[in-house]
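None of the figures in this text is laboratory data; all of them are computed from the coordinates on show. Values in this document were obtained by computation on a predicted structure and should not be read as measured data. Note that each Cβ is placed from the backbone with ideal geometry, even for glycine, and that neighbours are counted across all protein chains shown.
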Amino acid sequence: MSKESILEIVHQLKKAHQSKQPIPFIRDEFDLTEEEAYQVQELYIKHQLEENNVHISGYKVSMTSKETQAIASTHEPAYGTLLSNHVISSGRQLSKSELFQPLIEPELIFIVNEDLTLDAEEAEILQKTSMAAGIEIPDARYIDWFPNFSLIDLLSDNTATGRVIIAEPVPILALEQLGNIPLKLYHNGEKIKEAFSSAVLDNPIHAVRWLSQKLALHGTTLKKGMIISSGTFISPIPLKIGHYEAVYPGVGKAEITIVN
């Protein structure tokens, strides 16, 4: 893949963002490897940092279930880069008109309190992080994107990063507890989904460990102050107008009100 082709993909994605008009899948025009798609993501993020008043806030882990990995014909998760304008404090409002075709996913958030070493193991992650209740709102710039995306489509578009809602941090739970956290998701006070954290690679700490490994391959580490959205407890569902609460006993709850 030439540098010119990678620049053209970034241009198309930027134009979609600016015009709010979704585009056809990247795979329809370009044949990328996984590594090249990550290069597209990296260059797109570089442009965002240069052109907008934003900074890198952390990362999100996608495709942490066998079902979503099967959609993209891959055997592992993927990561996207969270910018400061992607992150919303719990309890705020979000206009759906800012987005394309958003979904909703309840996710636990990890907060890095000390720089992690390259390719950090679970014990170090537990020692150096806290956690918070969270909600992710995935959103891609493609026409009819879910569940029709491929791996290179997802990676190129920063793994469909839309918004991440984060509640107040709490001390991290023990390893065994992290793998058995219940979730109840409410919409306008009605329970619509429930699940357990074991849906996320058996334990969300494994998602953070995977992220640390994958970033190490790209020469990057997780730094103090970064947040990690660690993977959804449920299959994503379409986002609707109204009030959402994701409740995680022992951790807290994240809330967001979606308006027109």
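From the Cα gyration tensor of the stretch 77-176, with a ≥ b ≥ c the square roots of its eigenvalues, which class applies: rounded if a/c is under 1.5, or else prolate if a/b is larger than b/c, or else oblate?
Oblate, because a/c is 1.5 or more while a/b does not exceed b/c.
Around the amide H of Ile88, modelled in the peptide plane, lie the amide H atoms of Val164, Ile165, Ile166, all under 5 Å away and 5 or more residues distant in sequence or on another chain. So which lysines pass the test for Lys191, namely a Cα distance under 28 Å, with those fewer than 8 places away in the same chain ruled out? Qualifying lysines at Cα under 28 Å: Lys60, Lys66, Lys96, Lys240, Lys253. If you find the alpha carbon centre of the stretch 16-61 and of the stretch 139-183, how far apart are they in angstrom? So the two Cα centres are separated by 16 Å. Exposure proxy ranking for Met226, Met131, Met1, Met63, based on other Cβ atoms within 10 angstrom of each Cβ and starting from the fewest, stands as Met1, Met226, Met63, Met131. A straight line joining the Cα centroids of the stretch 233-257 and the stretch 67-95 runs 14 Å. For Leu116, the shell of other residues with beta-carbons less than 14 Å away shows a net charge of -1, using +1 for Lys and Arg and -1 for Asp and Glu. Remark: the stretch 218-260 projects, on average over all directions, an area of 5.5 nm² (convex hull of Cα atoms).
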